[in-house]
1. Using Cα pairs closer than 8 Å and at least 6 residues apart in sequence, work out the relative contact order for the chain, in percent.
2. If I fit a long axis through the Cα atoms of helix 208-226 and take the longest principal axis of the Cα atoms of the chain, what angle between them do I get, 0 to 90°, rounded to 10?
3. What relative contact order, as a whole-number percentage, does segment 1-132 give when Cα pairs under 8 Å and 6 or more residues apart are counted?
4. For the chain, take the alpha-carbon Rg, divide it by the Kirkwood Rh, and send me Rg/Rh.
5. Between segment 90-153 and segment 249-280, what is the separation of their alpha carbon centroids in Å?
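The numbers here are math on the coordinates, done by the rules we state, and not lab data. Values in this document were obtained by computation on a predicted structure and should not be read as measured data.
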Amino acid sequence: MPEYDDVCAVVPTFNESETIGDVVDGLQAAGIEDVLVVDGHSGDGTAEIAEEHDATVVMQSGTGKGQAVRQGVSEADASNLVMLDGDGTYLPEQVDRLLEPLLAGDAEHVIGDRFADMDADAMTGLNKFGNRVINRAFSRIHGQEYGDILSGYRAFTRESFEKMYLTAEGFGIETEMAVECARHNLPTAVVPITYLPRPEGSETNLHPIADGARILMTLYGLAKTSNPLFYFGSVGSLSAVVGLLVASYVGFEWFVQGVSHEVLAVVAAAGVLFGVQLLMFGLLADLIVSLHRETIRRIEDQ
């Protein structure tokens, strides 16, 4: 069994009494002695059970998974960290799959791909569809293919984590981490993992529709600094297309029916002009971002 002396596992929890003991035991059996459980003031004895299994427990100072992860990383002492949920859906014994490319220096951030080996009952059809949409949107917006950006099973170096600007309080933390990996061009590896259904008696804290919508909005909002051409261009293109459609209707009514629509004509012109301006702004912003990345790369290479 390998020994991971400079690795800490950060486990954010909230009412995970049914599973947290097995998760801590599994991590320790896999060679990770330093297990840090960040408990969101659970009311079912999660913290007490984690302590009984020799985990270090800290009470969360804020709310939400994102804040718990940031707090856990800040309180951990190790240079390499593993992040996983305490609900038993991830196999602790597979932690070596994530740590191998990290400790070998092949990657600074490793993502466990749940879709590589997902139990048939681990995710509802709606959740699977939402995950596919979000992953494709990420690939289109940020130009990277990470397989499963919403995976909560990850390993990363402290140095790479400290480069990230993370603000999400809830489940958007995984999305932000993926975006930051793409934005900083961090060496990122994707490894296959098993994903299991939550054990009976363990309730999910995820709300598929509400959290899915927040994640999509997070993806789009972060595009303004990583892909401004998409961020401004998508709205600009929509405005320009709507303006052209309205203009086509106004033109048809004028030339064929002899009916004028002055107000609609103004709206059409405004839509086209607004769209073109946004597209131009997106092009300029994209140029600035490209120059900024090139400057940062040259500074880091010195």
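1. Numbers: 534 pairs, mean separation 50.6, N = 302.
Averaging sequence separation for qualifying contacts and normalising by length gives 17 percent for the chain.
2. Approximately 70 degrees, to the nearest 10.
3. Details: 208 pairs, mean separation 37.4, N = 132.
This gives 28 percent for segment 1-132.
4. Working: Rg = 23.6 Å, Rh = 21.4 Å.
Ratio of gyration radius to Kirkwood radius: 1.10.
5. Using only Cα atoms, the two centres lie 46 Å from each other.
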